[in-house]
Each structure stands twice: as C-alpha cells, then as structure tokens.
Amino acid sequence: MRTRFAPSPTGFLHIGGLRTALYAYLVAKQTGGEFLLRIEDTDQERSVPGAVENILSTLHFAGLDPDQKPVIQSERLPLYKKYAAQLQRDGYAYPCFCTQGRLNQMRKDQMARKEAPMYDRLCCALSQEQIKKRIEAGEPHVLRLKIPREGKTIFDDDIRGTVEFKNWVVDDQVLLKSDGFPTYHLAHVVDDHLMDIGLVIRGEEWLSSLPKHLLLFQYLGWKPPRYAHVPLILNKDKSKLSKRQSDVAVEDYIQNGYLPEALLNFVALLGWNSGTPQDIFSLKELIDQFSIERVQKHGAVFDTDKLNWLQGQWIRKIPTQEFAERIRPLVEKGFSSARIDEHFLERAALVHERITFFNEAPDMMAFFYQTSDVPLDVLLNKKQHVTEANIAQILQTIIHTLENISDWSPDALLEQFRFSAEKNKLKLGQLLWPLRAILTGKPFSPGATEVASALGKEETMRRLKNASYKC
Ligand code: GLU
C-alpha cells in the first residue's frame, strides 16, 4: 500500500500533522509499501519560508523519512492545468467570472435567509460564445467544478464507515484560481492518482469535501483511493487543539527535550488503541500492531500528563551508560567538579530512575557536587516523627550507626539502619528521612542509603557532622 503525507507549508509541523504522517507511515510499512511526502504549496499566500525544511527535519527526527524525494506541487502547475482543461472540455467544469464583491454579497444574502452559503451558479448558464468573449477580453476568472444537483454520493471511510452526502448540498468548488494555481481539491486528486496512492489518511476537516473529490476521480476516469479521516485532536476541555491555546508545533516539544520515541508513542495513541493493556509502543511494535480500523471516530484528547509519563518511560529505557553520556555535558556545564567525577555513571544511574527530561539532571545531581545549608524544616517530618525535639538525638544515632561500617553498599547501609532503629526504638524512616534530607538538601531525591553510598563515607560523614553542629 502506498500512502502519503501531504502537508501545506504554512508553519511548523504540528502534533496533528505528525500523527497523520505516522499513521500513513505505519500503513505503508506494514504492507511493505512506500510512504511518500507531498508538499502542498499551491496556496502561495499561506506558504511560510522555512516550513518545508521544518517538515523534513521533524519527520527525520521522528524516524519517519519518506521513501522518495518529496513531490512539490508548485513545480507541477502545467499538470493541473492540463486536467482542468480536460474537465472543462468534457463539461464537468466551467469558468466563473463573478467578482469577489458579488460573491460576498451573495453569501451575505444567503446567510440572512438562513441558507448554507453556496455559489449560485450564475456563470454555469453562460454560453460558449459568451465565455470565449469574456476570456478574450481578459476578464479574470476561476474554473469551477459542476456538481450534479440530483443524486447522492456514498462512500466507505476506513474509520467512519459508510458516509452519505446529497449532491445538492455540495458547492461548485473552485478548481483553478484566477492566478492559474490549482486549489487543494484539484491538485491533490491529480497527485493522489499519479502517485498511485492506495489509502489517503487525512484530518476529518476534509470529510465534507470528499464528495467533490470522488466526483473529480469519476470525471477524470480514475479509480479513487480508499480514505481514512482521522479524528480531531482536542484540549482537555474538549475544544479543538489550536495554536492559540497550547503548544502544537512538534518543534517546541523537540526543543523542550522530548524524545522522538515518546512523541511517536504519544501521537500514535491519540485516537488509536491496540485493544490490549499495552501502552508503550516502539515504532517497530506500532508497525506490527497498528490498524486503521481501530482508530476511533470521536475526537482524541491531548493529555500532557500522559505525554510526560511516556517520556519518563522512554527515558528509562535508555541504557544507563548511554543516559550518563547524554547528561554528562549538561551536568559538567553546571558543576565543573563533575568533570573529574569517577563515580559519574553510578550517580547518573540514581537519577535515571526519577528523571523525565535530560535537562533536569544538573539540578537532580547538584547535591553530589555542592553542599548547601539544609534548612531545618527540610529535616523535620511529622509523618516520620522527626521533630525539633528529637532531631539532635536522631542525628547522633545516624552518625553512630554509620561510623563503624566498612561495607558502604546501599544494602549493607540499609541493614545497619534497620538494626539501629530496632535497638534505639526508632522507626526506620526516623533515621532515613533526615539522612536523605541532609545529604541532598531536597525534599525529593533518590533514597537515603543509595545517596550515601554514591557520595561515599567520607563525604557523608562530613555532611552529617556539619549538620549536627547546627541542631
Ligand atoms: N494539505 C492538506 C493539509 O495540510 C492535506 C490534506 C490531505 O492530506 O489530503 O491539510
């Protein structure tokens, strides 16, 4: 199956576009077909410089490189003109000379009468002779598709099932604009045919235009592809995801440190589920398991918490050695002593379990490279029964517990603290909470004995003694 992704270069590739590209890629790959890219730049006014480069680099980042050189519509204008002329010659299209002023007024009147705005076909009644005269006089005009007023168009959408439209509600679509550029409607039909696309996957905003597209295929004597219209992406409040409300450019997510695996996994699940409890999918697993029939009809809610959870899952899948190499330059930039840290790998492993973004690493690892004055309230903990009244004594117990230990592994340390807690009639948490708080200076961090082990005995004792003078 050949599929395509056909973005208009009107800005940075957005999340919805990445999802469409992914679904098209998956269908192509699981059928041993090709995934193609087409740049739909026939609306020159809306084209934005740099957008094509951004589309290409974002697809590359995500691992969705197209199988062929992209097709650029603005380089194929004579092709669209040729088919437009064929449609006109066969009586399926007609020139329209109506001015923008007339069209605006017509629209206003129709809306005042509570009618759906539609071209009133004034120019459809022009004779060949009148048309010839007006064209020769240089009157600007467009070419419109002549939609039959009777009958209906029925089709099967791979996601939405059977859909039916009465032809009389379909507008006589402009196919060629007065500047000679084709509209999306003509250009994409021509290209989907010439590129031999088997399944068109696109946003549901195009569903209502499908009757026009199917008629164009019929009038040009071509077999249409299959279609799958993917649901809208919604904000949590169920409004349409839009630039105004949220970050929608994939570029922003890349800049913010999201992994391609997490983003792909996330967009795959925006409207699709495997029917199993699995929610972590690699690209390979998606190729194996994705099916367009399992994409839902209703809107898919964009849940940033889920994205961040997936990001955490994917970051933890990175081998620790590689993870350490990725974060090391960031940590070294913050703390020059990290450059000579022989225990970096072991220390990185501790934060690997808790991190969501690489750039959190310097802050999470700061306590290895700097000591800060730990405020008393970070040491105290009501739930763990660590109070102002007993903190001094608890600190002495911690110091005594650690003083004579030589096996400095987290497990051995924990064993000693268990023993000490029992002997001193304390709860384990009463010892571990202040120990962790003193060593890290933070209310949240890796576990106490892991941190102590990673810091080493000398540094641990130094920090404990330092804190005990203040209590
Ligand atoms: N250029 C259209 C868009 O960006 C593509 C629709 C399609 O895939 O056919 O919405």
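If the condition is being of a type in the set (D, E, K, R), within 10 Å of the ligand (Cβ to nearest atom) and in contact (Cβ under 8 Å) with a residue 60 or more places away in the chain, then the range 19-44 contributes 38, 40, 43. Restricted to the range 171-200, and to residues there that are assigned to a loop (DSSP other than H, G, I, E, B) and within 12 Å of the ligand (Cβ to nearest atom), the residue that is farthest from residue 23 (Cα to Cα) is 183.
In the condition set (1) buried (at least 21 other Cβ atoms within 10 Å of the Cβ); (2) outside any helix (DSSP H, G or I), residue 1 is compliant with all but (1).
If the condition is being in contact with a helix residue (DSSP H, G or I) (Cβ under 6 Å, 6 or more places away or on another chain), within 13 Å of the ligand (Cβ to nearest atom) and either within 18 Å of residue 4 (Cα to Cα) or not in a helix (DSSP H, G or I) (or both), then the range 201-224 contributes 201, 213, 224.
Mind checking which residues of the range 1-18 are more than 12 Å from the ligand (Cβ to nearest atom) and closer than 14 Å to residue 250 by Cα?
Within the range 1-18, 12, 15, 18 meet the criteria.
Of the helices (runs of 4 or more DSSP H) lying entirely inside the range 301-413, the ones with 1 or more residues being of a type in the set (Gly, Ala, Ser) and over 20 Å from residue 442 (Cβ atoms) are found at 320-334, 391-403. Of all the numbered requirements in (1) crowded, with 18+ Cβ neighbours inside 10 Å; (2) within 30 Å of residue 293 (Cα to Cα); (3) out of contact with any Pro (no Cβ under 6 Å at 6 or more places or on another chain), residue 154 misses one, and that requirement is (1). From the list 199, 126, 186, which residue is at pLDDT 95 or above, more than 30 Å from residue 299 (Cα to Cα), out of contact with any Gly (no Cβ under 7 Å at 6 or more places or on another chain) and of a type outside the set (Lys, Arg)? Sole residue among the options that is at pLDDT 95 or above, more than 30 Å from residue 299 (Cα to Cα), out of contact with any Gly (no Cβ under 7 Å at 6 or more places or on another chain) and of a type outside the set (Lys, Arg): 126. Look at the range 110-131: where a residue is in a helix (DSSP H, G or I) and a partner is of a type in the set (Phe, Trp, Tyr) and modelled with pLDDT of 95 or more, sitting 6+ places away or on another chain with Cβ atoms under 8 Å, you get 123/94; 123/97; 124/94; 131/94.
Checked against (1) over 16 Å from residue 350 (Cβ atoms); (2) surrounded by 14 or more Cβ atoms within 10 Å (Cβ to Cβ), residue 400 meets all criteria but (2). Is it the case, given these coordinates, that residue 313 is surrounded by 15 or more Cβ atoms within 10 Å (Cβ to Cβ), polar (S, T, N, Q) and on the phi < 0 side of the Ramachandran plot? The answer is yes for residue 313.
In the set (1) surrounded by fewer than 20 Cβ atoms within 10 Å (Cβ to Cβ); (2) in contact with a Ser or Thr (Cβ under 7 Å, 6 or more places away or on another chain); (3) of a type outside the set (Val, Ile, Thr), residue 24 fails one condition alone, (1).
All of (1) in contact with a strand residue (DSSP E or B) (Cβ under 6 Å, 6 or more places away or on another chain); (2) charged (D, E, K, R); (3) free of Cβ contacts under 8 Å to residues at least 24 places away in the same chain hold for residue 67 with one exception: (3). Can you find even one residue in the range 458-466 that is outside any helix (DSSP H, G or I) and of a type outside the set (S, T, N, Q)? No, because not a single residue in the range 458-466 is outside any helix (DSSP H, G or I) and of a type outside the set (S, T, N, Q).
Restricting the range 30-56 to residues that are surrounded by 15 or more Cβ atoms within 10 Å (Cβ to Cβ) and closer than 25 Å to residue 302 by Cβ, the residue that is farthest from the chain's Cα centre (by Cα) is 40.
The values are calculated or read from the model by the stated rules, or taken from the named source; none is laboratory data. Owing to the predicted nature of the structure, the values given are computational and were not obtained by experimental measurement. All Cβ positions, glycine included, derive from the backbone under ideal geometry; neighbour counts span all protein chains shown.
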